[in-house]
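The values are calculated or read from the model by the stated rules, or taken from the named source; none is laboratory data. All of these numbers come straight from a predicted model, not from anything done at the bench. Positions of Cβ are backbone-derived with ideal geometry, glycine not excepted, and every protein chain shown enters the neighbour counts. Surface accessibility is based on the protein's heavy atoms, side chains included, excluding ligands, DNA and RNA. Shrake-Rupley method; radii C 1.70, N 1.55, O 1.52, S 1.80 Å.
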Amino acid sequence: MNKILILNGPNLNLLGTREPQVYGHTTLADVEALMAKLAAERGVEAECFQSNHEGALIDRIHAARTQGIGYIMINPGGLTHTSVALRDALAGVAIPFIEVHISNVHKREEFRHHSYLSGIAEAVLCGFGTGGYSMALNYICDKLQAEA
Ligand code: CA2
């Protein structure tokens with residue numbers, strides 16, 4: 001069960017190409033390469049998946065149940081604030097997950113202050129830029145190693 005699934009939701013494929021004042025200059029490919037490198041250094045396998053489609057993310061979460069995934073890291077993008085279905089999928093597979101946001105959602109518009117996922121997440125990180133992904137990965141690797 002020492003596999004990690006790293007999910008990125010709608011529009012995160014644009015990372016590093018637009019709105020650098022909010023999301024920085026790092027691309028999603030950069031983030032995914034770093035995740036693979038850091039995970040390998042810790043003897044863990046990280047699989048990354050990004051989709052602009054809610055159903056595709058839900059299908060990927062369901063598949064994780066039988067793929068030896070011990071932990072999920074997810075930046076749900078805008079679905080954070082809208083998707084009961086994504087929450088139900090994560091609750092349904094009962095795989096612990098960390099919710100990550102690049103920006104500090106609490107410093108932004110009111111509609112970004114509520115997350116449908118946070119109430120069932122093990123932990124939530126926001127406002128650390130793309131550095132939040134590395135922090136979450138370290139935490140998850142510590143947890144998986146403590147369980148091994
Ligand atoms: O801060 C985050 O990571 C968010 O999850 C990003 C979502 C936003 O809806 C959430 O409120 C907070 C937006 C993802 C869109 O990402 C883009 C990246 C670069 C350029 C345009 C969009």
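Under a straight-distance cross-link criterion of Cα-Cα below 22 Å, which lysines are reachable from residue 37, leaving out those fewer than 8 residues away in the same chain?
3, 143
Over segment 2-88, what is the mean sequence separation of C-alpha contacts under 8 Å (at least six apart), divided by residue count, expressed as relative contact order in percent?
On the way: 117 pairs, mean separation 42.2, N = 87.
Rounded, it is 49 percent for segment 2-88.
Solvent-accessible area of residue 128, probe 1.4 Å, all protein chains present, reported in Å² to the nearest ten, please.
110
What does the accessible area of residue 17 come to, in Å² to the nearest 10, when a probe of 1.4 Å is used?
Rounded to the nearest 10, that gives 90 Å².
If you roll a 1.4 angstrom probe over the protein chains with everything in place, what fraction of the accessible area of the chain belongs to carbon and sulfur, to the nearest %?
Values: 3820 of 7290 Å².
On the chain, the fraction of accessible area on carbon and sulfur atoms equals 52 percent.
Just the number please: accessible area per residue for the chain, 1.4 Å probe, all protein chains included, in Å². Walk me through the numbers before you get to the answer.
Working: 7290 Å² over 148 residues.
On a per-residue basis, the chain sits at 49 Å².
Restricting to Cα pairs below 8 Å that are 6+ residues apart, what does the relative contact order work out to for the chain? Please round to a whole percent. Provide the component values of the computation, followed by the final result.
Values: 252 pairs, mean separation 41.1, N = 148.
Computed over the chain, the figure is 28 percent.
What net charge is computed for the residues neighbouring residue 127, neighbours being all others with C-beta under 14 Å from the C-beta of residue 127, Lys and Arg scored +1, Asp and Glu -1? Mind showing how you got there, number by number?
On the way: positive: 107, 108, 112; negative: 99.
Result for the local shell: +2.
Determine the calculated [θ] at 222 nm for the chain from helices alone, applying -39500 (n - 2.57) to every DSSP H run no shorter than 4 residues and normalising by the residue count; nearest 500 deg cm²/dmol.
Values: 5 runs with 56 residues, N = 148.
Helices in the chain give a 222 nm mean residue ellipticity of -11500 deg cm²/dmol.
Using bins 10 angstrom wide from zero, how does P(r) for the chain break down, in % of all Cα pairs?
The percentages, shortest bin first, are 11, 46, 36, 7, 0.
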